[in-house]
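First up is the structure itself, then whatever we jot down about it.
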Amino acid sequence: MQKENQKAVERIEYELTTLIRRAVYLDISDKKIGHLERSVYLLLRHLDEFGPSRLKALAETFNLDISTLSRQASAIEAKGYISRFSDPTDGRVSLFRLTDIGREKLIIDKKMRIERYHAMLENWSNKEKEIFGELLERMNEALID
């Protein structure tokens, strides 16, 4: 049983590494999905789903140090995709929220990404897609620890 377990884990490691490599390649190639950079897309998706967030909370969500996320947020803010405002519970702290322009850009890119994934998964059953989504979510949660 140990050998079978080892083989299964080795396959997962290889397939996950390959998936990440191919996804990164697509993100920087002429086959890129959408117009937003991956880091911008993820930040906009997070703000859209969870609402306004503090810089520290965003940094923790994406496993980045605050200075890195601060630079990214400033660049995204300069494009008008997010805005900064004072936290009503603590005026010394800033929150970031998605702007109307940011939401428009996000909607366009999200639609393009979903269309791409629909095409890639067209031969999968709904059950296979559900299981794969659940397993990816579990893997993402495991990566946080």
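The values are calculated or read from the model by the stated rules, or taken from the named source; none is laboratory data. Predicted model only: the values in this text are computed from it and were never measured. Here the Cβ is made from the backbone with ideal geometry for all residues, glycine too, and neighbour counts use every protein chain on show. Accessible surface is based on the protein model in full, side chains and every heavy atom, while ligands, DNA and RNA are left aside. Shrake-Rupley method; radii C 1.70, N 1.55, O 1.52, S 1.80 Å.
Test Lys7 against the stated conditions and say whether it is within 26 Å of Leu135 (Cβ to Cβ) and either part of a loop (DSSP other than H, G, I, E, B) or modelled with pLDDT under 90 (or both). Spelling it out, it is not the case that Lys7 is within 26 Å of Leu135 (Cβ to Cβ) and either part of a loop (DSSP other than H, G, I, E, B) or modelled with pLDDT under 90 (or both). The requirement of being farther than 26 Å from His35 by Cβ, surrounded by 12 or more Cβ atoms within 10 Å (Cβ to Cβ), acidic (Asp, Glu) and under 16 Å from the mean Cα position of the chain (by Cα) is not satisfied by Glu137. If I filter the stretch 78-86 for residues that are assigned to a helix (DSSP H, G or I) and more than 15 Å from the chain's Cα centre (by Cα), do I get at least one hit? Checked the stretch 78-86: at least one residue is assigned to a helix (DSSP H, G or I) and more than 15 Å from the chain's Cα centre (by Cα). Scanning the stretch 90-116 for residues that are hydroxyl-bearing (Ser, Thr, Tyr) and touching a Lys or Arg at 6+ places or on another chain (Cβ under 9 Å) turns up just one, Ser94.
For the stretch 106-123, indicate whether the set of residues that are exposed (fewer than 11 other Cβ atoms within 10 Å of the Cβ) and small (Gly, Ala, Ser) is non-empty. Among the residues of the stretch 106-123, at least one is exposed (fewer than 11 other Cβ atoms within 10 Å of the Cβ) and small (Gly, Ala, Ser), which makes the answer yes. If the condition is being closer than 17 Å to His46 by Cα and open to solvent by 30 Å² or more (accessible area, probe 1.4 Å), then the stretch 72-82 contributes Gln72, Ser74, Ala75, Glu77, Tyr81. Six or more apart or on different chains, Cβ atoms under 9 Å: show the pairs whose first residue is in the stretch 108-123 and over 15 Å from Leu44 (Cα atoms) and whose second is outside any loop (DSSP other than H, G, I, E, B) and open to solvent by less than 100 Å² (accessible area, probe 1.4 Å). Final answer for the pair search is Arg116/Leu26; Leu121/Glu128; Leu121/Lys129; Leu121/Phe132. Quick check: anything in the stretch 48-69 hydrophobic (A, V, I, L, M, F, W, C), closer than 13 Å to Gly102 by Cβ and surrounded by 15 or more Cβ atoms within 10 Å (Cβ to Cβ)? Taking every residue of the stretch 48-69 in turn, none turns out to be hydrophobic (A, V, I, L, M, F, W, C), closer than 13 Å to Gly102 by Cβ and surrounded by 15 or more Cβ atoms within 10 Å (Cβ to Cβ). For the stretch 45-58, the count of residues that are under 27 Å from Ile12 (Cα atoms) and among the small types (Gly, Ala, Ser) is zero. Within the stretch 90-105, the set of residues being open to solvent by 60 Å² or more (accessible area, probe 1.4 Å) and either under 24 Å from Leu26 (Cβ atoms) or assigned to a helix (DSSP H, G or I) (or both) comprises Asp100, Ile101, Arg103, Glu104, Lys105.
Please specify each residue of the stretch 44-73 satisfying the condition of being assigned to a helix (DSSP H, G or I) and either in contact (Cβ under 8 Å) with a residue 24 or more places away in the chain or aliphatic (A, V, I, L, M) (or both). Residues satisfying the conditions are Leu44, Arg45, Leu47, Asp48, Leu55, Ala57, Leu58, Ala59, Ile66, Leu69, Gln72, Ala73. Against the test of being modelled with pLDDT under 95, of a type in the set (Val, Ile, Thr) and within 30 Å of Ile12 (Cβ to Cβ), the options Ile131, Ile66, Ile144 yield a single qualifying residue, Ile144.
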